[in-house]
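Student: My questions will all concern the structure given below.
The values are calculated or read from the model by the stated rules, or taken from the named source; none is laboratory data. These numbers come from a predicted model, not from an experiment. Backbone-built Cβ (ideal geometry, glycine too); neighbour counts: all protein chains shown. What goes into the accessible areas is simple: the full protein's heavy atoms, side chains included, and nothing from ligands, DNA or RNA. Shrake-Rupley method; radii C 1.70, N 1.55, O 1.52, S 1.80 Å.
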Amino acid sequence: MTQQLPGTDYGQLLEELQWLWGEERSPLPRMANMVALLYRRLPEVNWIGVYLREGQELVLGPFQGAPACQRILLGKGVCGTAAVRRQSIVVPDVSRFPGYIACSPETQAELVVPLCWGAELYGVLDLDSPRLGRFTEADARGLEQIVVALLQETDLERLRHYCQG
Ligand code: SME
């Protein structure tokens, strides 16, 4: 049996993030600090980043980890599928996800959370792990709360500029 990680305290992470973000409303510094903090706090995560929507594509934004693919079409891979569905996707084993886009041979599991506000899709938050079954639905719910907090205080007008393809 694979050992389960103790659950992450997303409430605590959110408090740290709110402190880091302070009064900053611009999307890029907020996203950059979010991925940097999550990358340092979440165990067994080899890549975390944001893809921002530009028209019908997702384009690489702030991230931590190895260089990654720069553009993903909406509907393709785990990222593009989560974006189109506007729903988080937990992938316990990437080799079993049809159309999975491999960016690193190390990655075994993935979690993608869409960045949505109202009717608008701004992009996705993507996490990769070298461990099979690393992410749970509890991780998805915790990260969805973090995404709500991210977008709630973000200058969405500025973010919309990136999304015009
Ligand atoms: N695996 C993703 C591509 C992005 S990388 O994991 C950083 C996908 O299938 O959409």
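Student: With θ set to phi - 60°, apply the Karplus curve 6.51 cos²θ - 1.76 cosθ + 1.60 along the stretch 74-85 and write out the HN-Hα couplings as whole Hz, x wherever there is a Gly or Pro.
Tutor: 4, x, 9, x, 6, 4, x, 6, 4, 5, 5, 6
Student: In Å, what Kirkwood hydrodynamic radius results for the stretch 10-162 from the alpha-carbon pair distances? Please report the intermediate quantities before stating the final value.
Tutor: Working: mean 1/r = 0.0656 Å⁻¹.
About 15.2 Å, per the Kirkwood formula over Cα pairs.
Student: Loop-only check: which trypsin sites (Lys or Arg not before Pro) in the stretch 6-82 are DSSP coil with at most 16 other Cβ within 10 angstrom? Each step should come with its number before you reach the end.
Tutor: Numbers: sites: Arg25, Arg30, Arg40, Arg41, Arg53, Arg71, Lys76; in loops: Arg25, Lys76.
For trypsin sites (Lys or Arg not before Pro) across the stretch 6-82 that sit outside H, G, I, E and B with at most 16 neighbouring Cβ atoms in 10 Å, the list reads Arg25.
Student: Using alpha-carbon positions, what is the distance between the centroids of the stretch 66-97 and the stretch 12-31, in Å?
Tutor: Here the answer is 25 Å between Cα centres.
Student: Keeping every protein chain present and rolling a 1.4 Å probe, give me the accessible area per residue for the chain in Å².
Tutor: Heavy-atom SASA per residue in the chain reads 50 Å².
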